[in-house]
1. Could you run the Karplus curve 6.51 cos²θ - 1.76 cosθ + 1.60 with θ = phi - 60° over the stretch 57-65 and give me ³J(HN,Hα) per residue in whole Hz, x for Gly and Pro?
2. Return the FRET efficiency for the residue pair A34, E66: r is the Cβ-Cβ distance, R0 is 25 Å, and the value is rounded to the nearest 0.05.
3. Report the extension gain between Q42 and K56 in nm, rounded to one decimal, defined as 0.36 nm multiplied by the number of residues separating them, less their alpha carbon distance.
4. What's the local net charge at T9, with K and R +1, D and E -1, over the other residues with C-beta under 10 Å away?
5. Taking a temperature of 25 °C and a viscosity of 0.890 mPa s, what whole-number D in µm²/s does Stokes-Einstein yield for the stretch 19-72 with Rh from Kirkwood over alpha carbon pairs?
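Nothing in this text is a laboratory measurement; each read-out follows from the coordinates by a stated rule. Note that the structure is predicted; figures quoted are calculated from it, not measured. Here Cβ is always computed from backbone atoms with ideal geometry, including for glycine, and neighbour counts include all displayed protein chains.
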Amino acid sequence: MKKIELKFTNEDGRTVTHSLEHPIEPVDPAAVNAAMDEIIAQDAFTSTGGNLVAKKSARVVENIVEDIDLGL
């Protein structure tokens with residue numbers, strides 16, 4: 001399953017990650033950048049270290065799980 005991870009810096013200077021499943025692909029960097037700006041501007045999320053104050057990065061992550069047949 002793929003997800004997009006939006007990474008922000010909070011008031012304490014720590015990294016806060018918000019993940020969303022099933023991103024629209026191909027990912028539009030301008031749209032992600034604008035969405036992250038809006039999240040910060042509206043104080044949409046908070047963390048234990050305070051409000052989000054800056055964008056750090058964004059990435060698409062894919063987790064692949066493959067079962068191993070143990071013959072049980």
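1. 5, 8, 7, 9, 10, 10, 10, 10, 10
2. E(calc), rounded to 0.05, equals 0.10.
3. Values: separation 14, 0.36 × 14 = 5.04 nm, distance 1.71 nm.
The span from Q42 to K56 would gain 3.3 nm if fully extended.
4. Details: positive: K7, R14, K55, K56; negative: E11, D12.
With Lys, Arg at +1 and Asp, Glu at -1, the neighbours total +2.
5. 174
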